[in-house]
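Note sheet for the following structure.
The values are calculated or read from the model by the stated rules, or taken from the named source; none is laboratory data. From a predicted model like this one, the values you see are computed outputs, not experimental measurements. Glycine gets a Cβ as well: all are built from the backbone with ideal geometry, and neighbour counts include every protein chain shown. Ligands, DNA and RNA are stripped out before the accessible areas are found, and what is left, the full protein with its side chains, is counted by its heavy atoms. Shrake-Rupley method; radii C 1.70, N 1.55, O 1.52, S 1.80 Å.
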Amino acid sequence: MNKWPIIKSFFDEKQFVKQHLDSYNDFIERGLQQVINDQVGIETDIEGFQVRFGKIRADIPKAKDADGSTRYLYPQESRLRDLTYSVPLYLEIIPVVNNEEKEPVEVNIGELPVMVKSKLCALYARSDMELVEVGEDPKDPGGYFIINGSEKVIVAIEDLAPNKILIESSARTNSVVAKVFSTRHGFRALVKLERKKDGLLRVTFPSVPGKIPFITTMKALGLTRDQDIVNAVSAEPEIQKELLDNLEESIDVTSEEEALDVVGKRVAIGQLKEYRLKRAHYSIDRYLLPHIGTDQEDRIRKAYYLGIMADRAIELALNKREEDDKDHYSSKRLRLAGDLLQNLFRLSLIQLTRDIKYQLERTYARGKFQPGKEHEFVKKSVRADVLTERMRHAMATGQWPGGRTGVSQLLDTVNYMSKLSHLRRVVSMLSRSQPHFEARDLHPTHWGRICPSETPEGPNCGLVKNLSLMCEVSVGVNEEEIENYLLEIGVKKILKKAPKSLTFVYLNGSLVGTHENGVELAQKIRENRRKCRVPDTVNVAYFEDTNEIQVNCDGGRARRPLIIVENGSPKVTENHIQDLMRGELQWSDLVERGCIEYMDAEEEENALIAINEDELTADYTHLEIYPATILGISASIVPFPEHNAAPRNSYGAGMAKQSLGFGASNF
């Protein structure tokens, strides 16, 4: 079977920088409004007056001329006149006077940099001829920003997956640690559960100094009966035995209030009991596993989540479970432009709201506020350049909030190859100076996701990587929809720990419920995905040894397409290939018809993939589309790479990006 038309259809539809464009478009469509919804509004010190936020919308790119007239702005003009290619953002602000909402007023709150070729860009969905007419390069991939006339790329950052329990044993301290990077609205809290060699469990989380006994934490979260705590951890007698020492240690703590006071004494030393409890409540709601929720009713779910962490730590200590591999690509997420911009926008907006509050109160204090003229009052108090300058500064210097440097870089336009390669680069945030041998190694799960040859020599070797040709990065879908779907197809919601004979179902790392038959459930989800009943972003993996199902639907997973095989024969047939060549079918049609599906590193653990068609037997589940697509853009143009020594391919891929050429055809 000639599979070349399949690859051609993939690149005709996806181009080379799809991952950045998808991520940015998702930020425009969902992310912006989500940040505004999280912010709600502004409480002022003016009596009976506050401000609420409504809808946010982005306009079109415009330029202001010297005579004050505005007109449509194209990227080429921004480059030539050293402008920033951006769109004005308009936010509905609703003044609330004495709890009565007035008419909303739309205010310009600042400018948002536009990614070239994204949905906000003037070049979106234009044909080659139209692009040439407005002075643009038709082969330009887009995916970068124009800040003060220079082209900037936000490089993808490889990060440990948030909200996912990782267990590791430390040989130095002879202890087992279960840790989770709990992330909510850009705030990241590291929660650790440690099991020392004496069998005692300790919990650490931000804002509370020192380590708190596990049982005390569980009681503070509202599980006061010992029986309930033991059931929350496990229904296995062997693991329940391990908890006896822990229960004895916290035997004097009997009620929820006493347990909270243990936390309170750490947070507010030497204060009154009332204040201590208040601070303890705040710390537990806000900093302990914030991704589950920050309200009081979420505490019971937090307790069960801690129970899972304890269960895994004890299982690892008893050699019932393997240690998690930090370099496995299923425990990594790629943070793309949209994700990083959302964090930046969130912080800039907080800065803006502070400024608006200050301006409102200042105007009011001067006695310039007249009832009935709330609109002008609000409009005058919004200074649009606060947000604009904050975002532009971060994009121009590459200094991101959170102490990251070099997030946005000058686009490398030595030649076309270097430009494409720079847009598909992935950077790991590990320090360059220490020898992280495992992190620099090529991992088996990089196959088809990360190019094995294209990496710099020297200190950055293996820390700076590039995406493979057919790798794409998932955009997150709404978790609630998937959770409701799982409950519909027979997952039973649980609170009390069920016996281990049932399969535990996890969605994005948090427990949803149980199911009688894990293999059947995984098969059903896959069938529904192939019939488009579930978004194709969803991936599912069943692990036999621990009897668990992991369902993932979050953004940032590196995935790759494979041909589905049934009963030893591929679902893509000669007829499909002929239709592709005639232009009657497109890549997305093959995905919709269930001939091709995307696999993330976790689901690939359940698959058996044939590299060539002639080795197919009834056992195989998938077939590679084209084996050479494990290489990235630059390494793909090395002739006969399979006949060379590995370092030579690396050097060749590096030098292809340094030959002098034209990065664009519209100089």
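Pull out the extension gain between Phe11 and Asp128, defined as 0.36 nm times the separation in residues minus the alpha carbon to alpha carbon distance; nm, one decimal.
40.5 nm
What nm distance separates the two modelled labels at Lys373 and Gln34, each placed 7 Å from Cα along Cα→Cβ?
For the pair Lys373/Gln34, the computed spacing is 4.1 nm.
Tell me, how many Å apart are the Cα centres for the range 289-324 and for the range 164-201?
What the calculation gives is 10 Å, centre to centre.
At what distance in angstrom do the alpha carbon centres of the range 603-620 and the range 516-595 lie from each other?
Each part reduced to its Cα centre gives a spacing of 14 Å.
What list of ³J(HN,Hα) values in whole Hz, one per residue of the range 502-507 in order, does the Karplus curve 6.51 cos²θ - 1.76 cosθ + 1.60 (θ = phi - 60°) give from phi, with Gly and Pro shown as x?
In residue order, the calculated couplings are 8, 7, 8, 10, 10, 10 Hz.
Mind checking the per residue accessible area of the chain for me, 1.4 Å probe, whole number of Å²? Working shown, then result.
Values: 30620 Å² over 667 residues.
Here the per-residue accessible area is 46 Å².
Can you run phi through the Karplus equation (6.51, -1.76, 1.60; θ = phi - 60°) for the range 25-34 and list ³J(HN,Hα) in whole Hz, with x for Gly and Pro?
After applying 6.51 cos²θ - 1.76 cosθ + 1.60, I find 4, 5, 4, 5, 6, 10, x, 4, 5, 4 Hz.
Using the basic label-point model (7 angstrom from Cα toward the beta carbon), what is the Lys119 to Glu248 distance in nanometres?
Rounded to a tenth, the inter-label distance reads 6.1 nm.
Would the range 159-286 count as rounded, prolate or oblate if I go by the C-alpha gyration tensor, calling it rounded below 1.5 in a/c and otherwise prolate when a/b exceeds b/c, oblate otherwise? Spell out each step's value before the answer.
On the way: a/c = 1.71, a/b = 1.11, b/c = 1.53.
Taking the square roots of the gyration eigenvalues as a ≥ b ≥ c, the range 159-286 is oblate.
Can you figure out the FRET efficiency of Gln271 with Lys320, using R₀ = 41 Å and their beta-carbon distance, to the nearest 0.05?
Once rounded, the FRET efficiency stands at 0.40.
Over the chain, what is the relative contact order in whole percent, taking alpha-carbon pairs under 8 Å and six or more residues apart?
Details: 1243 pairs, mean separation 99.0, N = 667.
It comes to 15 percent, rounded to a whole number.
Set the Förster radius R0 to 22 Å, insert the Cβ-Cβ distance between Ser207 and Ile300 as r into 1/(1 + (r/R0)^6), and round the FRET efficiency to 0.05.
For R0 = 22 Å, the calculated efficiency reads 0.55.
By how many nm would the segment from Glu47 to Lys493 lengthen if fully extended, with 0.36 nm per residue of separation less the alpha-carbon distance?
Using 0.36 nm per residue and subtracting the Cα-Cα distance, I get 155.9 nm.
For the chain, rounded, prolate or oblate, judged on the Cα gyration tensor with a ≥ b ≥ c (square roots of eigenvalues), a/c < 1.5 rounded, else prolate if a/b > b/c?
oblate
Which GluC sites (Glu not before Pro) from the range 524-570 combine a DSSP loop assignment with at most 16 other Cβ atoms within 10 Å?
Hits after loop and neighbour filter: Glu544.
What's the FRET efficiency of Lys241 with His281 using the Cβ-Cβ distance as r and R₀ = 30 Å, to the nearest 0.05? Walk me through the intermediate numbers first.
Details: r = 33 Å, r/R0 = 1.10.
So, using R0 = 30 Å, E works out to roughly 0.35.
Rank these residues by their accessible area, most exposed first, probe 1.4 Å: Met1, Met655, Met391. If you can, show how the numbers build up before the last one.
Values: Met1 70, Met655 120, Met391 0 Å².
The ordering from most to least exposed comes out as Met655, Met1, Met391.
If contacts are Cα pairs under 8 angstrom and at least 6 residues apart, what is the relative contact order of the range 54-156 in percent?
29 percent
Report, ordered by chain and residue number, the aspartates and glutamates lying within cross-link reach of Lys241, taken as a straight Cα distance under 13 Å and ignoring same-chain residues fewer than 8 apart.
Straight-distance partners of Lys241: Asp226, Asp311, Glu315.
Over the range 79-124, what is the mean sequence separation of C-alpha contacts under 8 Å (at least six apart), divided by residue count, expressed as relative contact order in percent?
36 percent
Taking a ≥ b ≥ c as the square roots of the Cα gyration tensor eigenvalues, with a/c under 1.5 meaning rounded and otherwise prolate when a/b beats b/c, else oblate, which class fits the range 257-350?
Oblate shape, in that a/c is at least 1.5 and b/c is the bigger or equal ratio.
Would you mind estimating how fast the range 237-306 diffuses translationally, via Stokes-Einstein at 37 °C and 0.692 mPa s with the Kirkwood radius over Cα pairs, in µm²/s?
244 µm²/s
Whenever you get a sec, compute what percent of the accessible area on the chain sits on carbon and sulfur atoms (1.4 Å probe). Show your work: numbers first, answer last.
Details: 15080 of 30620 Å².
That share works out to 49 percent.
Please list, by residue number, every one of the chymotrypsin sites (Phe, Trp or Tyr not before Pro) in the range 613-663 that is coil in DSSP and has at most 14 other beta-carbon atoms within 10 Å.
Phe662
Taking a virtual spin label 7 Å from the Cα of Asp198 along the C-beta vector, which residues in the range 157-174 bring their backbone nitrogen under 20 Å of it?
Correct set: 170-174.
How about the range 90-146: which trypsin sites (Lys or Arg not before Pro) there are in a DSSP loop, with at most 15 other Cβ atoms within 10 Å of their Cβ?
Lys102, Lys119, Lys139
Could you check the spin-label model distance between Gln351 and His643? Points 7 Å from the Cα along Cα→Cβ, value in nm.
If labels sit at Gln351 and His643, their model points lie 5.7 nm apart.
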